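What follows draws every value from the coordinates through simple rules; no lab data is involved. In this text the structure is predicted, and so the values were computed from the model without any measurement. All Cβ positions, even for glycine, are placed from backbone atoms using ideal geometry, and neighbour counts span all protein chains on display.
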Amino acid sequence: MKRYYIGLDGGSTYLKAAMIDERGNVIDTMVRNTGIDNSGTATALVDTLCQRSQITDRQLGYIMATGYSRKVLDVADDDISEITAHAYGVRITAPPQWRPGMIVDVGGQDSKIIYLDANYTVKNFSMNDKCAAGTGKFMEVIAQILETTIDQVGPLSLQSTDPCDINSTCVVFAQSEVISLVARKYDRRDILAGMHLSMARRIIKMMRKSEKGGDVLMSGGGALNVGLRQAFEEELMQDVYVAAHPQFNGAIGAALIGCERG
Amino acid sequence: MAYADAIQEQREQRRRQRFATKSMHMTQKYLHRMRDLGGTLEQMEPFFNALERIYVQGLDVERPRSTKTVGTYCVQVPQELIYAAGARPVKLCSGHYTAFSIGDDVVARDACPLVKAIAGFEHMGTLPLYENCSLMVVPITCDCKKRIAGLIKEKWPVHPLYVPANREDEDIEHYLDDLYQLMHMVSHVTGQDVTYESLANALNLTGYAQYELSRFLRIKRTTPNLLYGTHAMAVMNASSYLDAGVWASAMGALNDELERRARANELVSRKDLPRIMLTGSPIVFPNLKIPLLIEEAGGMVVADETCMGERGMSDPVVPVDASFDGLMRSLAIRSLRPCPCPTFADNSQRIYRLRQMVRDYHVEGVIYHVLRGCLVYDYEFRLVEEELESMGIPVIRLESDYTDQDVEQLRIRSEAFVETIKLKKGPLKANRG
Amino acid sequence: MNKKGLVTAIVCTLMVFAAYFAWQFVFFDYETNVYTTTAEQLFTIDHLTKLVPLLIIGLLTAIGIVACIVVRNHLMRRDTLRSPYATRRAPSSNGRVRGRRVSAFMVVRWICMVGFFALMVFGGVLLGVRYAWISIPVLSCPANMSQLTEASCYYLAHLEELASLPLMGIMVFVASTLGFVLVLGRVLCGFVCPMGLVQDVMHKIRQATKVEGIAMTERMYQALVPIRWVMLLLMIGLSFVGGNFCNFCPAIALTPVAAGLSVSLYASGFLMVFVLIASFFKRRFFCTICPLGYLMGLAHRVQPFRIKKDCTACTECGACYEACPMGIKQLYTEREQTDVTDISCIMCGECVRCCPEDCALSLTLFGKDIYVSKRSRVVEGYRR
């Protein structure tokens, strides 16, 4: 009888769920707004996933939770930190050519860099969970000012010919700076390109130059942003890979850990 | 005008009252968290009581009326000299969050929180531990200590102790002169002369404390998981507020109990928990945030290389020559030579200390604790990281401040680090159930 | 040339002068010198009268020590910082730092020193044996021709006499001396040499009376090096220029006199007084300049007694350096090598005794630990 495992990634805005089978294939993914009731949303996600793939209770193995709210999700059997979850996730989601090195996770409200060795073991990690610069929040705020959506910022920025310099490090001040750039009639695409460069630089500042070896892999919601990927490639001067199902990398990793538990 | 002054005085009174209540609550919170960890022994009560007495009940250290207290601010001050002059030394480096929030406005913005907390207590004047001191001996080690020596002069007589940056023979000689000067000063304050007998008795007193500490550390080494590292650190911290003899005999009782439990294999946690060593900036009660987080996250703080914990007292005085000068000399060399404090220009010996501790305690991971603003410890992080890496021991740098607002961020890092070590050892076991 | 260099140069010159003209400085003269004794003569009144030179030396030493203390106190008068404490002593045994336990190693060492002294001075005579073919390189002065064995220092100081011996004699001497040097090295200094015993006794007297000694620094040890070279030069070379080292060497004032022989003392007597006073204030002072000791130290790389160090366990506290009578700094500064046996090391074991870290220092024989540093040794005595 085939067994299935579910991983839950409870962020502050979105709750992500992923289902994998015992081979490590990703069967299904789902995301919902967290809302006020974390636990309820999680339970609903699990039920919906099972329904969609017609998985019975007996077939369901471990349910593993990660993320900010991991300890309060009642439906989960156990919890694990996001660092470990993301490190496991890339075993499934990373493209085959990627040599284990650095995972750059750009989430909604935080960003992390996880350093792996050749065996996918976590060597070290850096986190920015104090300020919104370099996170999805930054992109959201700027997208709103420029009257576009978060899905469009990437493709639009690729069309830029002369990126602006965004100086402010803080989201609140960057907001004012962007407004003034708009008023001075700068092209939206150039502003977006500048924003992506600023984000990339911000995150790269967290990187430890001593941790070399392997390639860079993007995960998290920010990985869907082609503009951000381009900015990273430009600043780091090397190829940047993108994980499959990047927003669900944490959930997939959690599910994989659950799978190992049996 | 007098009326306005009276109003102002009342306002100040209420402010002090609020401060005292708030700091009391803060201390209680950490005492509760410490006890909630589990695994506390009856023999630890004398130490917890000492901490409670100072910070919750707001009383002075327990001492005879006639004995004066002398505040010290770094391990380089030999406590033996203070005992020899008939006074009681108290270590006044502070770990209090509430005092920190006051001191934050008084001293430099980027100063370390330890010194801000000292400034806070000085400013508010509510804690008898500080208020009743007859003398403050401040070693001039790092910049912050240097400036706090000047600041607290407003309230207390301050004797700066010049600690040399190097440890050559000439530096020892100079420091020895400074120790004689310190002895004069303390004698002057207490009115009691230092005799050979009083100095020898002081050495015997602290020697007794060191004997019990050596025993404690040996017990911890041979039988891990006998007690939580948080409790061990609290017990060692308590030595700041107890007479050395009282502390030593309480330690003796604790050691006896621990030995009994070791024989009966009564441990407080599983033996396979990740063995973590804490090193870096001082961890002073009630700032037990980091060891608590590590142990709540499923790790075990088996060793600490911090000056208010193990490292502060672990080097014994070795009297080589029986003359008075010989005893003084042995105090001088003990205070300087083996001290792996990063305020010395060349502190490469700290690496060997860490290596030995990794070996002794079978450490699996190191958490390098840096207080925000503590540059000297931060300087050494690279060196320590390289060394540990060459030994295959993972290490992360945790920076913290005297506030509860960074707890979640520290928690996620501690948990992830503990998991990293667990994963190295094998597939992860369950957290819940 | 700086001040220290000048002082050293003057001292060396004085030494050469005193050594060459040693016979001019008469300390205690006998009309005829008697170099042997018999068992019946031991412990008689006659024996006691022969101890007079030693008594005079002792008296002069005592006067010298007291004089030095008085002068030092006077000079320190103006140092208001330290002088009030300089004369502090414990009124009774109550004011004693407890600390260290007695070491079996130290007991053995003292027994060896005292035992050998007794053996050489009285043993040969009482047992009626003499193994003249054995030459031990210690300062058990061969002027005592009744002692149990020969001592190498005579022939080393009179090389042309050695050369005039039959080949067999030379070979026996060389083999015996070399044998002891290669097998025991400077363990002989720490466990056997009578001059060592007498210096250790002076040190113990100072410890018991709590008198302040002289704290040596690295520079001061370095200043002694030229003096050691001069001693070596004098020992080897004096006979070639018509001098007699034995009239200068202080050892002649010890074992032969103690045995009750009538041996005239020249500059050697004065030097003995100086050596005793110096070793009161600085432990084993003579050993730092002893030419015989230096020669034995040359074998420090091959002989099987070694001081081993665990550089990780070492906390660089420097207690070993403070305790070492020879001032060997590399004991605590060494960070890589595990073998810290030095050319000056007399294997007294003080470093191991004072070391507060477990297994940081150890005295080994053929790699096996004989004496290992232990924390408990340093702190156990404080237990209540």
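Based on alpha-carbon atoms only, what is the radius of gyration of the stretch C:305-382 relative to the globular estimate 2.2 N^0.38 Å? The partial results should precede the final answer.
Numbers: Rg = 11.2 Å, N = 78, 2.2 N^0.38 = 11.5 Å.
Ratio of Rg to 2.2 N^0.38 Å for the stretch C:305-382: 0.97.
What 222 nm value per residue comes from the helices of chain B, counting each DSSP H run with n ≥ 4 as -39,500 (n - 2.57) and dividing by all residues, nearest 500 deg cm²/dmol?
Helix-only estimate at 222 nm: -17500 deg cm²/dmol.
With label points built 7 Å along Cα→Cβ from the Cα atoms of C:L167 and C:F17, find their separation and express it in nm.
4.7 nm
Between 0 and 90 degrees, rounded to the nearest ten: what's the tilt of helix C:52-76 against the longest Cα principal axis of chain C?
40 degrees
For B:D143 and C:N2, FRET efficiency with R0 = 51 Å and r from the beta-carbon atoms, rounded to 0.05?
Working: r = 37 Å, r/R0 = 0.72.
Computed FRET efficiency for C:N2 and B:D143 comes out at 0.90.
Filter the cross-link list B:K91/B:K271; B:K271/C:K368; C:K4/C:K329; A:K112/B:K422; A:K71/A:K112 down to pairs whose alpha-carbon distance in this structure exceeds 27 Å.
B:K91/B:K271; B:K271/C:K368
Only Cα pairs under 8 Å and at least 6 apart count here; give the relative contact order of the stretch A:97-242 as a rounded whole percent.
Relative contact order comes out at 31 percent.
For the stretch A:125-195 and the stretch B:10-33, what is the separation of their Cα centres, given in Å?
Their Cα centres are 45 Å away from one another.
Work out the FRET efficiency for C:H74 and C:I205 from their Cβ-Cβ distance, taking R0 = 25 Å, and round it to the nearest 0.05.
That gives a FRET efficiency of 0.65.
Can you compute the FRET efficiency between B:Q10 and A:N167 using 1/(1 + (r/R0)^6), with r the Cβ-Cβ distance and R0 = 51 Å? Round to the nearest 0.05.
Approximately 0.55, to the nearest 0.05.
Label-point separation (nm) for B:E266 and C:L298, each offset 7 Å from Cα along Cα-to-Cβ?
6.7 nm
Please identify the longest segment of chain C free of exposed chymotrypsin sites (Phe, Trp or Tyr not before Pro), where exposed means a DSSP state other than H, G, I, E or B and no more than 15 other Cβ atoms within 10 Å. Walk me through the intermediate numbers first.
On the way: sites that count: C:F21, C:Y30, C:Y35, C:F43, C:F366.
Between the exposed loop sites, the longest stretch runs C:44-365.
With axes computed from alpha carbons, what is the tilt in degrees of helix C:167-183 against the longest principal axis of chain C, rounded to the nearest 10 within 0 to 90?
10 degrees
Just grab the label-to-label distance for B:N166 and C:A9, each label 7 Å out from Cα along the Cβ direction, in nm (one decimal).
Calculated label separation equals 2.7 nm.
Taking a virtual spin label 7 Å from the Cα of B:R33 along the C-beta vector, which residues in the stretch B:391-421 bring their backbone nitrogen under 15 Å of it?
Hits in the stretch B:391-421 for B:R33 at 15 Å: B:399-415.
Take every Cα pair under 8 Å in chain A that's 6+ residues apart, average their separations, divide by the length, and report that relative contact order as a whole percent.
27 percent
Among C:A323, C:Q337, C:C348, which residue has its Cα positioned farthest towards the positive end of the charge dipole of the stretch C:305-382, with +1 placed on the Cβ of Lys and Arg, -1 on the Cβ of Asp and Glu, and the dipole taken about the Cα centre?
In the stretch C:305-382, that residue is C:C348.
Compute, for the stretch A:1-150, the length of the dipole vector about the Cα centre, with Cβ point charges of +1 (Lys, Arg) and -1 (Asp, Glu) only. Units Debye, rounded to 20.
That gives the stretch A:1-150 a dipole magnitude of about 360 debye.
What residue among B:H159, C:T177, A:A243 has its Cα farthest toward the positive end of the dipole of the protein assembly as shown, where the charges are +1 on Lys, Arg and -1 on Asp, Glu, each on the Cβ?
Ranked along the dipole, the leading option is C:T177.
Nearest 10 degrees, 0 to 90: what angle lies between the long axis of helix A:38-53 and the longest principal axis of chain A (Cα atoms)?
Long axis of A:38-53 versus the principal axis of chain A: about 70 degrees.
How large is the charge dipole for the stretch B:157-238, taken about the Cα centre, if only the Cβ atoms of Lys, Arg (+1) and Asp, Glu (-1) carry charge, to the nearest 20 debye?
860 debye
Given the options B:I396, B:I294, B:H188, identify the residue whose Cα lies farthest towards the positive end of the charge dipole of chain B (+1 on Cβ of Lys, Arg; -1 on Cβ of Asp, Glu).
After comparing all options, I get B:I294.
Would you mind pulling out the separation of the Cα centroids of the stretch B:359-424 and the stretch C:285-355, in Å?
What the calculation gives is 38 Å, centre to centre.
Could you tell me the distance between the Cα centroids of the stretch B:178-208 and the stretch A:68-105, to the nearest Å?
For the stretch B:178-208 versus the stretch A:68-105, the Cα centre distance is 60 Å.
Taking the alpha-carbon distance from B:K153 and a cut-off under 14 Å, which aspartates and glutamates remain once sequence neighbours fewer than 8 residues away in the same chain are dropped?
Filter leaves B:E122, B:E131.
How high is the relative contact order of chain B? Use alpha-carbon pairs under 8 Å, at least six apart in sequence, and give a whole percent.
Details: 665 pairs, mean separation 74.4, N = 433.
The normalised contact order for chain B reaches 17 percent.
Treating the beta-carbon of each Lys and Arg as +1 and of each Asp and Glu as -1, no other charges, what is the dipole magnitude of the protein assembly as shown about its Cα centre, to the nearest 20 debye?
Rounded to the nearest 20 debye, it is 1740 debye.
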